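Following: one structure in structure tokens, then a few remarks.
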Amino acid sequence: MAAGPDSRLPGPLTPGQGPGWAKLAEAVAACVPPAEIDTIYLFRPLKREGREWGTAVVTRRPTEPGGRLRVYTARYMLIVRGKERGQSKTEVAETALTPAEVLERVVQATADRTGDPEPPIAAGPSVWYESSEEVTG
């Protein structure tokens, strides 16, 4: 079977959008409060053999001025066809504590290493969450 995307599968491969990403957003919110998210780096998802895989790198704002970002790697796998359609697996893990400028170089180097022609998209928490602001009363 070819290693490229399966064009017979429905739906666009839009980073950050779709049912797999929605499940991943829920998993991330369980680990990192959306109000504390600084940036979400969205890698282009892959579809092959009835499955979709997506990866995001999520940064959490420092707790003190000039502090380091906490970095989380978040992944999902969604079955998009067959009897198990709709089933998914998500994984969110804290992977680093780093200055912002170092993280941007690492994210780009990762995309270069994988041969992805499209760099990851840097987005704010609003890509997944309606409001990232905490409500105070």
*Take the range 63-88 and flag every residue that is over 18 Å from the mean Cα position of the chain (by Cα) and under 22 Å from A35 (Cβ atoms).*
T63, E64, P65, G66, G67, R68
*Can you tell me how many residues in the range 96-121 are surrounded by 12 or more Cβ atoms within 10 Å (Cβ to Cβ) and either part of a strand (DSSP E or B) or among the acidic types (D, E) (or both)?*
6
*For the range 37-89, which fully contained strands (runs of 3 or more DSSP E) count at least 2 residues that are open to solvent by 30 Å² or more (accessible area, probe 1.4 Å) and either in contact (Cβ under 8 Å) with a residue 12 or more places away in the chain or more than 14 Å from K23 (Cβ to Cβ) (or both)?*
46-48, 51-60, 69-79
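The values are calculated or read from the model by the stated rules, or taken from the named source; none is laboratory data. It should be emphasised that the depicted structure is a prediction, and the values quoted were computed from it without experimental measurement. Using ideal geometry, Cβ is built from the backbone for each residue, glycine included, and neighbour counts are taken over all protein chains shown. Each accessible area value is taken on the protein alone, full model and side chains, heavy atoms only, with ligands, DNA and RNA left out. Shrake-Rupley method; radii C 1.70, N 1.55, O 1.52, S 1.80 Å.
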